[in-house]
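What follows is one structure encoded as C-alpha cells, with my remarks underneath.
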Amino acid sequence: MHLMIDLGTSHYRAALDGGKTVIQEPCVIAHPDRGGVVIGSDAQRMIGRSPAHIRIVRPVELGVIVDLDGASLIIRDCVARLSPRRFGLKTKLSIAVPSNLTQIQRRSIEEAGKLAGAQSVQLINASVAAGLGAGLPIQAPRGCLVVHMGAGITEAAVLSMNEVVESNTLPSGGHALDAAIMERVRREYRFMIGQRTAEYVKHQLGGDDGLEMVEIRGRNLQTGLPDVLQVQRQVVDDLLESYCRSVVDLIGRTISACQPELAGDVYESGILLVGGGALMRHMVTRLGGQMAMTTIVAQAPETCVIRGLMRRRVDLDTANKSLQPWHPFTKRARLALRADGKGVES
Ligand SMILES: Nc1ncnc2c1ncn2[C@@H]1O[C@H](COP(=O)(O)OP(=O)(O)OP(=O)(O)O)[C@@H](O)[C@H]1O
Ligand SMILES: [Mg+2]
C-alpha cells in the first residue's frame, strides 16, 4: 500500500496509490486533557471556542512539521479512513515538502512517517508535484515557473526535467494575511476578531465575488461587548496589494538566478499559480500586470500537489523512458555525435 500526503499548514490532503478518493481536512488536532483526540474539521471548529482543558495544535507551521506526534496521528488517521484494514508493515509513504527545508526538518518529516508505522518515507518536492498535478510538461528539458501560494509559505520554483532548478520561498502566505486582517481591524475599527473570522473576511472580500463590504461579529474594544461590524473591501485590497508586491519580488529573484535559457523559457511560457492563495481575486491581473508575463491559475489550485503525487509514479516512468535517448552514454547519442562524418561507430 502506498499513501500519498500533502501535509499543509492549513489543510492536509491524502490519497492511496491507484485510489480515486482524496481526503481533505483542516490540519488541526484537539487534545482534551482527559484523553482522546479530535482531528480535522471537528478540531477546527473548536479554535477560539475551546475550554482550557482542550489543547488545540496545528502540527504544521510555515510548511514545516512542528509537532511530530500530531503529524503521525494525521497520517494514521488518513490510512484508517482510506483503507479501513490496518496500517500494515509494508505501507510506503510519499510526503510533499517545500524546497527550502533544512536537513533536520526533512528528517523530522521522515520521523513522523516512521512514527506512524510506515515502512519507508519518500519526500517529494511540492512544487514539482504541483506542476505535474496542474498538467505542466515538467519532464521536458524546458523551464516552467510554478508559484505556490499556500497558507504558511509562498514558493516560486523554476522546474525543468522533473526537478527544481531554482527556487525561493517566503515564510508567509494565507495565514499571515489573516493575521494582518485581524491586526488592521483591531487598529482601524477598535474591534477584535479571531483567525477564522479574519479568513472569512479574506474569502468574502478577497474572493471572486466582488463584495464591497462584509458584516462580521466580534468584540468591540471600546465597549468590551460583543458587536457587529461592517468591514470595507479596501482593508483586504491594501493587504493583497502588499502581498502581491512581495510575490513579484520573489518571482523576480528566482528568475534572475536562472540560466538565460531557462529565463527565456519562463518568459515564453508564463507563470502558473497553484495553492489556495491563487483563488484570491484578480491574482492573475495583479501579478501578471506587474511581471508583464502571461499568468494563469491552475484548475482547483489547492489540490494540485496531491493530484501531482497521485500522477507522479506513472508520469515519471514514462518521462524516464522518453529521456533515455538523450543520455550521452546511450548508443543513439554516440551515433548522433558521429553524424557529422568524424569517426566511425565501432
Ligand atoms: N477563495 C479563496 N480566497 C482567498 N483565499 C483562499 C481561498 N481559498 C483558500 N484560500 C486560502 O488559501 C490558503 C490555503 O491554501 P492551501 O490549502 O494551498 O495551503 P496549505 O497547503 O494548507 O499550506 P502550505 O502549503 O503553505 O503549507 C488559506 O490561507 C486560505 O484562506
Ligand atoms: Mg500546500
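List of remarks:
For every residue, the table says whether it meets (1) within 27 Å of Pro260 (Cα to Cα); (2) free of Cβ contacts under 8 Å to residues at least 40 places away in the same chain; (3) within 16 Å of ligand 2 (Cβ to nearest atom); (4) of a type in the set (Val, Ile, Thr).
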{"position": "Lys90", "(1), (2), (3), (4)": "no, no, no, no"}
{"position": "Ala96", "(1), (2), (3), (4)": "no, no, yes, no"}
{"position": "Glu110", "(1), (2), (3), (4)": "no, yes, no, no"}
{"position": "Gly113", "(1), (2), (3), (4)": "no, no, no, no"}
{"position": "Ser120", "(1), (2), (3), (4)": "no, yes, no, no"}
{"position": "Leu123", "(1), (2), (3), (4)": "no, yes, yes, no"}
{"position": "Ala129", "(1), (2), (3), (4)": "yes, no, yes, no"}
{"position": "Leu136", "(1), (2), (3), (4)": "yes, no, no, no"}
{"position": "Val146", "(1), (2), (3), (4)": "yes, no, yes, yes"}
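- Candidate set: the range 165-192, residues that are within 15 Å of ligand 1 (Cβ to nearest atom) and not in a helix (DSSP H, G or I); chosen: the one nearest to the chain's Cα centre (by Cα): Gly173
- Residue that is farthest from ligand 2 (Cβ to nearest atom) [pool: residues in the range 271-283 that are in a helix (DSSP H, G or I) and touching a helix residue (DSSP H, G or I) at 6+ places or on another chain (Cβ under 6 Å)]: Ala278
- Verdict on Ile153 being of a type in the set (A, V, I, L, M, F, W, C), within 16 Å of ligand 2 (Cβ to nearest atom) and at pLDDT below 95: no
- In the range 1-22, the residue that is farthest from ligand 1 (Cβ to nearest atom) out of those that are among the β-branched types (Val, Ile, Thr) and surrounded by fewer than 18 Cβ atoms within 10 Å (Cβ to Cβ) is Thr21.
- Output for the range 284-302, where each listed residue is in contact with a Cys (Cβ under 9 Å, 6 or more places away or on another chain) and away from ligand 2 (no atom under 16 Å from the Cβ): Arg286, Leu287, Gln290
Yes or no, residue by residue, for (1) in the same structural domain as Met182 (by TED's automatic domain parsing); (2) of a type in the set (D, E, K, R); (3) surrounded by 14 or more Cβ atoms within 10 Å (Cβ to Cβ); (4) at pLDDT 90 or above:
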residue	(1), (2), (3), (4)
Val236	yes, no, yes, yes
Gln259	yes, no, no, yes
Leu273	yes, no, yes, yes
Ala292	yes, no, no, no
Pro328	no, no, no, no
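The values are calculated or read from the model by the stated rules, or taken from the named source; none is laboratory data. Bear in mind the structure is a predicted one, so any value in this text is a computation, not a measurement. Glycine gets a Cβ as well: all are built from the backbone with ideal geometry, and neighbour counts include every protein chain shown.
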